[in-house]
Every structure is written in C-alpha cells, then in structure tokens.
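Scroll down for the structure; my scribbles are underneath it.
The values are calculated or read from the model by the stated rules, or taken from the named source; none is laboratory data. The structure presented is a predicted model; accordingly, all values stated were derived computationally and were not measured. As a convention, Cβ positions derive from the backbone with ideal geometry for all residues, glycine included, and neighbour counts pool all protein chains shown. What goes into the accessible areas is simple: the full protein's heavy atoms, side chains included, and nothing from ligands, DNA or RNA. Shrake-Rupley method; radii C 1.70, N 1.55, O 1.52, S 1.80 Å.
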Amino acid sequence: MVATPAGYPWSSHTYNRLVQHDFRITAHFAHLSLGANAATPKVGFLAICANTLDEIRITDLRLHTQQQRIGASEKYRRQIELLTGRIVEVRPSGHPNFAYTRLDK
C-alpha cells in the first residue's frame, strides 16, 4: 500500500512518533509501556518500526492470510490440528477442497 507507515494517511504512526498531536488518538498502553517518559516511547516505537521483514517472511504471511491459515510455529499448528481435527497448514494452490479437508477422513 505504502512504502512506510507514515505514508498511510489513516495511520497513527505520526502520532506515535510524537511528531504530530491528534486529539482523536489516545495512546495505546503498549505504546506507553515502551518507556517511562515522553521521549522513551518514541525511541522504542521507532526501533520497532525500523525492523523490516525479509521477502520470504512477507510471502509466507501473505500465503497464510490469503488462505486464512495460522501463521505460527509448526508445534502450535499441530496442536491446533489435533484439537480441531482440521488441517491448518498452507496448502498448494489448486488443492481440491483444501479449505474443508479434515484429518479424520
């Protein structure tokens, strides 16, 4: 959508960077927990925003989102499969009825 979070007009990014005050935005407790004073959350927030994902992780997140699958560790996905009886891993495109495949069939 945009190259940086600051480029998205509906983002609270500029507010959270303490660059621009906006009366419509209330600071989230997670943001406030980044530091004890007004300057510290800014430093922590910028550090979090500076961390970018590599192309492999971005592709993985897109696949999981498109197929509405859990983007979690292999161990966690297996636990969910055992509890629900449904396959939660990303399946190849064109797999027949992959959204409705059950483990017990």
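Key figures
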{"item": "Heavy atoms of VAL43 accessible to a 1.4 Å probe, total area in Å² rounded to 10", "result": "100"}
{"item": "Probe 1.4 Å - accessible area at GLU55, Å² to nearest ten", "result": "120"}
{"item": "Exposure of THR26 as accessible area (Å², to 10), given a probe of 1.4 Å and all protein chains", "result": "120"}
{"item": "Amide hydrogen neighbours beyond the local backbone of ARG86, cut-off 5 Å, H modeled", "result": "LEU103"}
{"item": "Pairwise FRET efficiency - GLU81 versus ARG17, Cβ, R0 = 35 Å, nearest 0.05", "result": "0.30"}
{"item": "Pairwise FRET efficiency - ARG24 versus LEU46, Cβ, R0 = 35 Å, nearest 0.05", "result": "0.95"}
{"item": "Solvent-accessible ranking of ASP60, ASP22, ASP54, largest area first, probe 1.4 Å", "result": "ASP54, ASP60, ASP22"}
{"item": "Estimated inter-spin distance, LEU32 and LEU61, nm [label 7 Å along Cα→Cβ]", "result": "2.7"}
